[in-house]
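See below for the structure under consideration.
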Amino acid sequence: MAGFRPVEPQHIDGDIEKVLLTEADIQGRLAELAADIERDYEGKDVLLVGVLKGAVMVMADLSRHLSRHVEIDWMAISSYGSGTRSSGVVRILKDLDTDITDRHVVVVEDIIDTGLTLSWLVSNLQSRGPASVEICTMLRKPEAAKTPVGVKYVGFDIPSSFVVGYGLDFAEKYRNLRVVATLAPHMYS
Ligand SMILES: O=P(O)(O)OC[C@H]1O[C@H](OP(=O)(O)OP(=O)(O)O)[C@H](O)[C@@H]1O
Ligand code: HPA
Ligand SMILES: [Mg+2]
């Protein structure tokens, strides 16, 4: 529609330190991950579980790179509040609508940072008796390696700086950026 322009990094230039991943980087990698998932789950029903709110963009794009049927459901959990550090306290804000007993579940995440959210989520989902639970995350930071949870599908391993865009927020802003970028330190210090 005429007159509407999406938010692009240049419109918030002073906020952004560096673009780490362009739209093409992200879409190219998601197509590869989708191909891996198609191959690994051939002949099986798959339920993609997106973790709100950060995973909205990854879910929208990853699922559209898949050329097979999948079901999509959402959980809303929060451990970060409005800051840049995990509080370690995970809260369920919205549970699944789907009974995952005997289902093949692929959790779709935007980022694994400390891994606290994911460790909690995987043990929560495992307790419901699924056929399998695997993780697909767009981004993973180095600290996540300390968590024992295996992550089958990783888009990009990135440095530990705080990042925004493509679903990732700082105080609920920047989720609608098409790129992943580091935030200038003056924005949060
Ligand atoms: O590995 P961790 O250190 O636990 O961090 C990763 C989690 O933190 C963010 O969610 P957040 O709780 O900020 O909620 P949001 O998705 O609504 O932004 C992100 O979307 C991941 O779910
Ligand atoms: O680097 C990050 N940016 C935004 N949200 C996050 N949640 C965990 N890590 C991050
Ligand atoms: Mg967040």
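Values in this text are rule-based calculations from the coordinates and carry no lab data. This structure is a prediction, so every number in the text was calculated from the model and none was measured. FYI the Cβ positions are ideal-geometry reconstructions off the backbone, even for glycines, and counts take in every protein chain you see.
For this structure, a couple of remarks:
- Estimated FRET transfer efficiency when R0 is 35 angstrom, pair SER161-GLU71 (beta carbons, to 0.05): 0.50
- Extension gain, ASN124 back to LYS173 (0.36 nm per residue minus Cα-Cα distance, nm): 14.8 nm
- Rounded to the nearest 20 debye, the dipole size of the chain about its Cα centre is 320 debye, using +1 on the Cβ of Lys and Arg and -1 on the Cβ of Asp and Glu.
- Zone of LYS44's modelled label, taken as backbone nitrogen in segment 105-139 under 20 Å from a point 7 Å along Cα→Cβ: 105-109, 119, 121-138
- Paired Rg and Dmax values of the chain, which use every Cα atom, in angstrom: 16.5, 50
- Stretching ALA184 away from THR101 to a fully extended chain increases their span by 25.5 nm, per 0.36 nm per residue minus the current alpha-carbon distance.
- For the chain, the longest principal axis of the Cα atoms and the long axis of helix 116-126 meet at an angle of about 20 degrees.
- Neighbour-count ranking [beta-carbon atoms within 10 angstrom, fewest first] of THR101, THR117, THR22: THR101, THR22, THR117
- Highest average first, the peptides 30-41, 62-73, 167-178 ordered by how many other beta carbon atoms sit within 10 Å of their residues are 167-178, 30-41, 62-73.
- The lysine pair tally for the chain, using Cα distances under 19 Å and a gap of 8 or more places or different chains, is 7.
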